[in-house]
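Notes follow once the structure below has been shown.
The values are calculated or read from the model by the stated rules, or taken from the named source; none is laboratory data. Note that the structure is predicted; figures quoted are calculated from it, not measured. Note that each Cβ is placed from the backbone with ideal geometry, even for glycine, and that neighbours are counted across all protein chains shown. What goes into the accessible areas is simple: the full protein's heavy atoms, side chains included, and nothing from ligands, DNA or RNA. Shrake-Rupley method; radii C 1.70, N 1.55, O 1.52, S 1.80 Å.
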Amino acid sequence: MTRSKADRGWAWMVVLGVTIINLSVLPVQQCYGLIFGKRFTSLGITATQTSLILHLNGTICCSLGLISGPMMKRFSFRKVALFGGLTVAVGIFTTAFAVSLPAIIVGYCVIIGIGQGIIYPATSLALNTYFRKKRNIAMGLCVTLTGLGPIVMPLLIVVLLDAYATTGTLLIFAGIAANSLVGACLLKPFINTNEIKTEDPVRENNIKNATMLKNENESDVEKCVAECRLLTNQEQVQEQETELERVLEKTETKNVKKRGIFQKISANLDLKLLQDVRYIFVVIGMGISLVAETNFNALIPFVLDKLSGLQIKEVATIMSIQAAFDIAGRLCIPLLAQKANWTPRYLARAEKCVTVCLYRVLSTWGDNYFVVIVVAVIVGVAKGTKAVFQALIIPDYVPLERLPAASGIQMVCNGILSIMLGPLIGMVHDLTGSYVGALYFTSAMSMFCVFLWLLGGLWTPLGSCTKTEKDENEATEKGLSANWNENQENR
């Protein structure tokens, strides 16, 4: 496959593969509160411990971000996705038999977290590798198809919990997660045949030149050997005088090797990205946004149960309504954004502001069933918008060859912020005895995210948006890298 064949052909099979993977491994995380609600209640697990379990899973998942870049360079994203999908299935199977807090941490947090941390960078790189001009459409289609799961899964989980309890439900979802292996098989490595064809003549010329030089210089080899012998005799005479210099040279060589090791680590992880202040602010803001949204999605069953007094079937219905409008947002907002020329940055900040207002409404009028439905509808549209466009902020900012490292650093930042800030929301609930305080705290985190994006230039309509427009007009990845490096030097 050549670069000219991107955005078509097997690229759409990659979209199907990524969709299958997401539908297979995401339900346990998306319906976390619904699945584990009864088990946590029976085990006496508090809201703080519930948040700890949730965010420890996210931290372990994101902590693998630093090794995702080197892993993608060594292995294809198909192999990485296969291993990650298998790990998630094993983790869900193990969690099914976990009846204590340490066992849940090992199964859900450690094993499933490792699998998710391996599989998500592989699917992201596969999509961004196969698509150039139609990247927004491909991402929108992928997340739209993935959004079908949360519509059906809450209702299915209620039926499975009644029939098989938590253990049986998790065993069934372990089998569902195993289907991610089928999706991983569709992630065929991208091969640039143009580069292969251009490299072959160069290799042939190098071989011919090397052969000619070898034949021409055979007569000069003997002369060089004789001269080397004379030089060796002279060096033996001066060996004692230069011994100190040799010791100093060896010491300096060792220091150079040590510096070389650190330089290799820095190059493999692409730590020079940390010199970009705008990138740091954007990544930290996205991490705080992820923590806030993850807490809200996981705690919404508990919020509707305690704050609104809804039964588990009614909670499942609300979650399905939210997921349905999530899909509507994923389908309609990208088309509207393309017509209105809205950038991912603009829609990301708009989604945050709308979400904060909805948290306020839910905390004030959460006991009204009609208000809960309206909030679920608007939250669904906002989630669909975020799912499509926030995932495109980093790919629009860095060139493709630096995307694995940039995404890896982002994942590590997400993991650190998740374990630092996530349990605080549960602690707020335990201290106040109500989910209203937790919703206010979540709103404050979302607004702080918008403030960081303002500092990082994400709020400004100019700035990095100029670079994004240039990137979309470039025909090759070499052009992308050159423009990005030029912008870094100008800063």
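Here are some notes:
- Residues that are among the hydroxyl-bearing types (Ser, Thr, Tyr), closer than 17 Å to Ile20 by Cα and surrounded by fewer than 24 Cβ atoms within 10 Å (Cβ to Cβ) within region 121-153 comprise Ser124, Thr144, Thr146, listed in sequence order.
- In region 91-102, of all residues being in a helix (DSSP H, G or I) and without any contact (Cβ under 8 Å) to a residue 60 or more places away in the chain, the one that is nearest to Gln116 (Cα to Cα) corresponds to Gly91.
- Residue match in region 85-98 (condition: of a type in the set (Phe, Trp, Tyr), within 17 Å of Gly175 (Cβ to Cβ) and surrounded by fewer than 18 Cβ atoms within 10 Å (Cβ to Cβ)): yes
A quick yes/no check of all residues on (1) free of Cβ contacts under 8 Å to residues at least 12 places away in the same chain; (2) crowded, with 16+ Cβ neighbours inside 10 Å:
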position	(1), (2)
Leu310	no, yes
Trp365	yes, no
Tyr369	no, no
Val375	no, yes
Val379	no, yes
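- Failed condition for Gly415, given (1) part of a helix (DSSP H, G or I); (2) more than 22 Å from Ser124 (Cβ to Cβ): (2)
- Residue among Ile416, Ile394 that is surrounded by fewer than 24 Cβ atoms within 10 Å (Cβ to Cβ), in contact with a Leu (Cβ under 8 Å, 6 or more places away or on another chain) and more than 17 Å from Thr46 (Cα to Cα): Ile394
- Scanning region 296-320 for residues that are polar (S, T, N, Q) and either in contact with a Ser or Thr (Cβ under 6 Å, 6 or more places away or on another chain) or in a loop (DSSP other than H, G, I, E, B) (or both) gives Ser308, Gln311.
- Count - residues of region 267-287 that are touching a helix residue (DSSP H, G or I) at 6+ places or on another chain (Cβ under 6 Å), open to solvent by 10 Å² or more (accessible area, probe 1.4 Å) and of a type in the set (Val, Ile, Thr): 1
- Matching residues in region 177-190 - criterion: being assigned to a helix (DSSP H, G or I) and surrounded by 19 or more Cβ atoms within 10 Å (Cβ to Cβ): Ala177, Ser180, Gly183, Ala184
- Some residue of region 105-117 being surrounded by fewer than 19 Cβ atoms within 10 Å (Cβ to Cβ) and assigned to a helix (DSSP H, G or I): yes
- For region 118-132, a residue qualifies if it is aromatic (Phe, Trp, Tyr), part of a helix (DSSP H, G or I) and over 14 Å from Gly84 (Cα atoms), and exactly one does: Tyr130.
- Scanning region 321-341 for residues that are more than 25 Å from the chain's Cα centre (by Cα) and part of a helix (DSSP H, G or I) gives Ile321, Leu336, Lys339, Ala340.
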